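Below is one structure, written out as structure tokens; comments come after it.
Coordinate-derived values only; no laboratory data. In this text, all values refer to a predicted model and were calculated from it rather than measured experimentally. As a convention, Cβ positions derive from the backbone with ideal geometry for all residues, glycine included, and neighbour counts pool all protein chains shown.
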Amino acid sequence: PDVLFFSNIKRYQYWNSSPQFDQYPKILTSNITNCDDEKVMVVNINHLMKQGTKISDSATFLLLRLLDEIKVASVGLTGFDGYSENACNYSISQLERTFTKEQSRMMNNKILDLQAEFMRTRTQIYPVRCITASRFEHGFE
């Protein structure tokens, strides 16, 4: 990877133990750390969050909002497939959480709302594509 982006302390701490972690420049949101490392850029999470929604801190949309502030030619997303009641929701078992059918439905609906809001309010026009299968791929068209 060119750069690592973290907005969740649990995921940051998990990957921080990786031997390759220090090799890469990182972008961290301000809720994680105020790091002085020259390979780390800290961005204010409040600037990237959509206020008033329970999952306004969705890493995908925080990163999309950050990318929208710089010039990008296109964005490709992987693993942006939503939440399921009876399936693994994360590729790493230590980060897995269990959701009821209703919780999964509500979280997926919130993602659809965040996606529509992002597409409506982004400042630049560039393709956003889901590289892996996603229930949200049509919302980026």
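Values as computed for the structure displayed
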{"item": "Residue-wise HN-Hα coupling along the range 70-78, computed from phi with Karplus coefficients 6.51, -1.76, 1.60 (Hz; x: Gly, Pro)", "result": "10, 7, 10, 7, 6, 10, x, 10, 10"}
{"item": "Computed E for Asn31/Ala133 - FRET, C-beta separation, R0 25 angstrom, nearest 0.05", "result": "0.25"}
{"item": "Phi-based couplings in Hz for the range 122-139 (Karplus 6.51, -1.76, 1.60; Gly and Pro marked x)", "result": "5, 9, 10, 10, 7, x, 10, 10, 8, 6, 9, 3, 8, 5, 9, 4, 6, x"}
{"item": "Estimated FRET transfer efficiency (Ala59, Gln20; beta-carbon r; R0 25 Å; 0.05)", "result": "0.80"}
{"item": "Simple label model, 7 Å out from Cα along Cβ direction - Gln13 to Ile125, nm", "result": "4.5"}
{"item": "Amide H partners (placed H, <5 Å) of Val42, local residues excluded", "result": "Leu28"}
{"item": "Long-range HN-HN contacts of Leu4 with modeled amide H, under 5 Å", "result": "Lys26, Ile27"}
